[in-house]
Amino acid sequence: MTSTACFIIVSRNDIPIYEAEVGSAAKREDAAQLHQFVLHAALDIVQDLAWTTSAMFLKAIDRFNDLVVSVYVTAGHTRFMLLHDSRNEDGIKSFFQEVHELYIKILLNPLYLPGSRITSSHFDTKVRALARKYL
Amino acid sequence: MIGTGKIKQYANVLDKPLGKGKQEVSLSAFAFLFSELVQYNQTQVDNISELETRLEDAGYAVGARVLELLCHRDKGNRRETRLLGILSFVHSTVWKVLFGKVADSLEKGTEHEDEYMISEKELLVNRFISIPKDMGTFHCGAFVAGIVKGVLENAGFPAVVTAHFVPVEGQQRPRTTILIKFAEKVLRREARLG
């Protein structure tokens, strides 16, 4: 089953610290940029919504054509954003929770500056594996 | 080697489960480490306020991580969106995990709307430290103030946090108060959320 999905981690200061195209469909150059643009545009909505609820998973907050933006906000206001076309909400929630654990492990590294890019290739491998598993 | 158990070795830290971690750490080990931290910084700076700033920055890094870890581990992934919520989180959960007990008291300032105080009879980090007379107002609790600042700022409640000695009648050693002064926008948002 082919699915388009673009996953971005945005820090507290609105700087993307990790991005990955995790869909199983063929990747097109212009599509990738469009996906990132849509995700950045959704940041405003996330900012307002984040203060109305104490839950971390914010479900689907925005639509673009037939793609949906789902967001997960951590305690430190780091946002995990996913642009996807699937309707599997539980799968997406589990995906976010597992990536959250990975993110905490990266953050606990005393030499990692919070808000800087995540460059670990192992992290990249694990996120893609999780995406194949849950999305 | 004597007594080597079969501990599973993980290739990468990302594969290791987060788990509960060690509940207790040796106090003497921490005291030595902290004293080294203070002494090292003393050689790098020219005056007291720079020293306090450095300790605060060290604490800030701890606070940022403690916030994420505790919200995930102890609070079942629920964020704090209200002022009182985050303050009681710092006062109980953070203090309990870091120092083994909840803070002595949490008070709201009487003079200003945006001031709150967390008081403690004797901060754990200060237990083995004595301040020489010529360093008058210096307070090693700047490290703990930095931790609180890290937690608050990363949760979206920017604040100026400082540590002060407050003399108490009838007691030889003064009490320590962590003074938290929230930024304008925090109060505006609180008012808006009602």
Item checked: Residues satisfying the stated conditions in region A:64-94, i.e. in contact with a strand residue (DSSP E or B) (Cβ under 8 Å, 6 or more places away or on another chain) and within 14 Å of chain B (Cβ to nearest Cβ) -> A:V71, A:Y72, A:V73, A:T74, A:T78, A:R79, A:F80, A:K93
Item checked: Subset of region B:62-101 that is more than 7 Å from chain A (Cβ to nearest Cβ) and of a type in the set (G, A, S) - its residue that is farthest from the chain's Cα centre (by Cα) -> B:G76
Item checked: Filtered residues of region B:42-89 (kept if under 26 Å from A:E98 (Cα atoms), among the β-branched types (V, I, T) and in a helix (DSSP H, G or I)) -> B:V62, B:V66, B:I86
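Condition check ((1) more than 20 Å from A:D14 (Cβ to Cβ); (2) touching a Ser or Thr at 6+ places or on another chain (Cβ under 9 Å); (3) modelled with pLDDT under 90) across all residues:
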site: A:V68; (1), (2), (3): yes, yes, yes
site: A:H77; (1), (2), (3): no, yes, no
site: A:H84; (1), (2), (3): yes, yes, yes
site: A:K105; (1), (2), (3): yes, no, no
site: A:L111; (1), (2), (3): yes, no, no
site: A:S116; (1), (2), (3): no, yes, no
site: A:V127; (1), (2), (3): yes, no, no
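Here is a yes/no grid of residues against (1) surrounded by 16 or more Cβ atoms within 10 Å (Cβ to Cβ); (2) hydrophobic (A, V, I, L, M, F, W, C); (3) within 24 Å of B:F182 (Cα to Cα):
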position: B:V13; (1), (2), (3): no, yes, no
position: B:V38; (1), (2), (3): yes, yes, no
position: B:E50; (1), (2), (3): no, no, yes
position: B:R54; (1), (2), (3): yes, no, yes
position: B:A58; (1), (2), (3): yes, yes, yes
position: B:E68; (1), (2), (3): yes, no, yes
position: B:C71; (1), (2), (3): yes, yes, yes
Notebook entry, point to check: Going through region A:5-43 one residue at a time, which ones are under 21 Å from A:S116 (Cα atoms) and of a type in the set (D, E, K, R)?
Noted result: A:R12, A:D14, A:E19, A:E21
Notebook entry, point to check: Which of the following residues is in contact with a Phe, Trp or Tyr (Cβ under 9 Å, 6 or more places away or on another chain) and within 14 Å of chain A (Cβ to nearest Cβ): B:E153, B:E115, B:E120?
Noted result: B:E153
Next item on the list: Please determine, by comparing only the residues of region B:142-161 that are assigned to a loop (DSSP other than H, G, I, E, B) and in contact with a His (Cβ under 8 Å, 6 or more places away or on another chain), which one is surrounded by the most Cβ atoms within 10 Å (Cβ to Cβ).
Entry: B:A155
Next item on the list: Check A:T53 against each of (1) more than 20 Å from B:R189 (Cα to Cα); (2) hydroxyl-bearing (S, T, Y); (3) within 14 Å of chain B (Cβ to nearest Cβ) and name the one condition it does not meet.
Entry: (1)
Notebook entry, point to check: So which of B:F182, B:F165, B:F128 is without any contact (Cβ under 8 Å) to a residue 40 or more places away in the chain, among the aromatic types (F, W, Y), farther than 14 Å from B:G59 by Cα and more than 14 Å from chain A (Cβ to nearest Cβ)?
Noted result: B:F165
Notebook entry, point to check: Got at least one residue in region A:32-50 being small (G, A, S) and exposed (fewer than 13 other Cβ atoms within 10 Å of the Cβ)?
Noted result: yes
Check: Counting only residues that are loosely packed, with under 13 Cβ neighbours inside 10 Å, within 13 Å of chain A (Cβ to nearest Cβ) and in a loop (DSSP other than H, G, I, E, B), how many does region B:16-36 have?
Finding: 4
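The values are calculated or read from the model by the stated rules, or taken from the named source; none is laboratory data. Everything numeric here is computed off the predicted structure, so don't read it as measured data. No Cβ is skipped: glycine too gets one built from the backbone with ideal geometry, and neighbour counts run over all protein chains shown.
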